[in-house]
Amino acid sequence: MKISEKKYPSSKGEITVFKVENSTGASVELSTLGAGIVSVSVPDRNGKIENVALSYADPADYIADGPCLGKCPGRYANRICKGHLEVDGVTYQLAINNGPNALHGGPEGFQNQNWEAEKLADGVKFTYHAKDGEEHYPGNLTVTATYHWNDDNVLTLDFHAESDRDTVINMTNHAYWNLNGADCGSCLEQEMKIKAEKWLPTDETQIPTGELAPVEGTPMDFRSFKKIAKDIKADFKALKIGKGYDHCWAIDREKDGGIVVDAVELRDSRSGRKLIVGTDQPGVQIYTGNWLAGSPKNRSGRSYEDYDGVAVEMQGFPDAPNKPNFPSQLLKAGESYDRHIRFAFTVE
């Protein structure tokens, strides 16, 4: 495995971007800014290698961007209702940064921090130390995001965290995918399959109601491959609230904690590329880039447009700290938080 690095100035200090290239020439680029995925360059059915992860031209433009492109948000990814959080009987008020709610750990979050980095034989290990009270969360928390890249074009991401006080945590990666090429326009003609019989309905502010509803008979049914575009404009309240898909599905699993290797699959008929995402997380937030317009310029010299990429965010359920029936995202002092995400790229 060949690993090289480049450094770039920013308001957060020097950002390092690592390029990890395998024996076939396929590669990933990973940034210390938000422990982010900057690019994933993999072959199409004809062997042409091209980046399929939406990317900005300037590594510093990832700071405080609206789409949270490619980064690892935290301490709690996704939404918490009205920023209200209770741990061990103590109420904490988080910053409100998404309508009336808290999103992705706050205005700064982990995604806008410059993480420490350690090169590995086949990847990079990123570390961030969050202080007690940072973004109003309890506990000094150390989190690592470790990426490995192999000759089969599989990118794995392992999260590990420990805290000195009881706290909550929900880690994911927020890369946007376009299997026809990162700067090729809309992703909506690509097909998606989600291994989920139930999804999480929300209120008008996109906070889950607490219900797990069947996907059958609704536009939320992706149990078989279908084009993302097929139902995105349907007369369905959930899709109107978010201007497209921005919802969590409960991943079908045979046992708690096991890896579901094919939780979500994406495929593009034009390039032949396919992405299979696996995880031990209970849910997946699918976001079809409904508000990408106006983002920083990409490597083609333009801003992305709405629906140019789809985010597949393997994670715990949004607002789980306020929903006792949801899988718990509580991390107790002295215990370990460990989660796994696997991105496997192939062609067909």
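Are any residues in the stretch 144-181 under 22 Å from residue 267 (Cβ atoms), within 18 Å of the chain's Cα centre (by Cα) and surrounded by fewer than 22 Cβ atoms within 10 Å (Cβ to Cβ), and if so, which ones?
154, 156
Has the stretch 182-197 got at least one residue that is in a helix (DSSP H, G or I), out of contact with any helix residue (DSSP H, G or I) (no Cβ under 6 Å at 6 or more places or on another chain), open to solvent by 60 Å² or more (accessible area, probe 1.4 Å) and within 28 Å of residue 101 (Cβ to Cβ)?
no
What number goes with the only condition from (1) closer than 28 Å to residue 139 by Cβ; (2) open to solvent by less than 10 Å² (accessible area, probe 1.4 Å) that residue 278 does not pass?
If we test residue 278 against (1) closer than 28 Å to residue 139 by Cβ; (2) open to solvent by less than 10 Å² (accessible area, probe 1.4 Å), just (1) comes out false.
For the subset of the stretch 198-212 comprising residues that are touching a residue at least 60 places away in the same chain (Cβ under 8 Å) and either of a type in the set (A, V, I, L, M) or assigned to a loop (DSSP other than H, G, I, E, B) (or both), which member is farthest from residue 309 (Cα to Cα)?
Of everything passing the filter in the stretch 198-212, 210 is farthest from residue 309 (Cα to Cα).
Within the stretch 34-54, how many residues turn out to be within 25 Å of residue 144 (Cβ to Cβ), touching a Gly at 6+ places or on another chain (Cβ under 7 Å) and not in a strand (DSSP E or B)?
Qualifying residue count, the stretch 34-54: 1.
Return only the number of the condition from (1) over 27 Å from residue 127 (Cα atoms); (2) in a strand (DSSP E or B); (3) in contact with a Pro (Cβ under 8 Å, 6 or more places away or on another chain) that residue 285 does not satisfy.
Here residue 285 meets the rest and fails (1).
Return the residue satisfying two criteria in turn: it lies in the stretch 314-348 and is small (Gly, Ala, Ser) and assigned to a strand (DSSP E or B), and of such residues it is most open to solvent (accessible area, probe 1.4 Å). Don't jump to the end; show me each part of the working.
If we filter the stretch 314-348 for residues that are small (Gly, Ala, Ser), which is where we start, we get 316, 320, 328, 333-334, 336, 344.
After this cut, where a residue has to be assigned to a strand (DSSP E or B) as well, the list is 336, 344.
Numbers: 336: 65, 344: 13 Å².
Step by step, filter the stretch 314-348, then rank; the result is 336.
Pairs needed: first member in the stretch 213-224, more than 15 Å from residue 193 (Cβ to Cβ); second member anywhere, open to solvent by 10 Å² or more (accessible area, probe 1.4 Å) and in a loop (DSSP other than H, G, I, E, B); C-beta distance under 6 Å; at least 6 residues apart or different chains.
213/201
Residue 71 - would you say it is open to solvent by 50 Å² or more (accessible area, probe 1.4 Å), of a type in the set (Lys, Arg), in contact with a Phe, Trp or Tyr (Cβ under 9 Å, 6 or more places away or on another chain) and at pLDDT 95 or above?
Working: open to solvent by 50 Å² or more (accessible area, probe 1.4 Å): no; of a type in the set (Lys, Arg): yes; in contact with a Phe, Trp or Tyr (Cβ under 9 Å, 6 or more places away or on another chain): yes; at pLDDT 95 or above: yes.
Answer is no for this residue.
Condition check: under 29 Å from residue 248 (Cα atoms), open to solvent by 50 Å² or more (accessible area, probe 1.4 Å) and hydroxyl-bearing (Ser, Thr, Tyr). Does residue 24 satisfy that?
no
Pairs needed: first member in the stretch 279-297, of a type in the set (Phe, Trp, Tyr); second member anywhere, in a loop (DSSP other than H, G, I, E, B) and open to solvent by less than 30 Å² (accessible area, probe 1.4 Å); C-beta distance under 7 Å; at least 6 residues apart or different chains.
Within 7 Å, the pairs are 287/245.
Select, from 89, 109, 34, 66, the only residue that is open to solvent by 50 Å² or more (accessible area, probe 1.4 Å), out of contact with any strand residue (DSSP E or B) (no Cβ under 6 Å at 6 or more places or on another chain), under 23 Å from residue 310 (Cβ atoms) and not charged (D, E, K, R).
66
Just the residues that are under 18 Å from the mean Cα position of the chain (by Cα), open to solvent by less than 20 Å² (accessible area, probe 1.4 Å) and farther than 21 Å from residue 2 by Cβ, please, taken from the stretch 123-143.
143, the sole residue that qualifies.
The values are calculated or read from the model by the stated rules, or taken from the named source; none is laboratory data. Because the structure is a prediction, the values reported are computed rather than measured. Here Cβ is always computed from backbone atoms with ideal geometry, including for glycine, and neighbour counts include all displayed protein chains. What goes into the accessible areas is simple: the full protein's heavy atoms, side chains included, and nothing from ligands, DNA or RNA. Shrake-Rupley method; radii C 1.70, N 1.55, O 1.52, S 1.80 Å.
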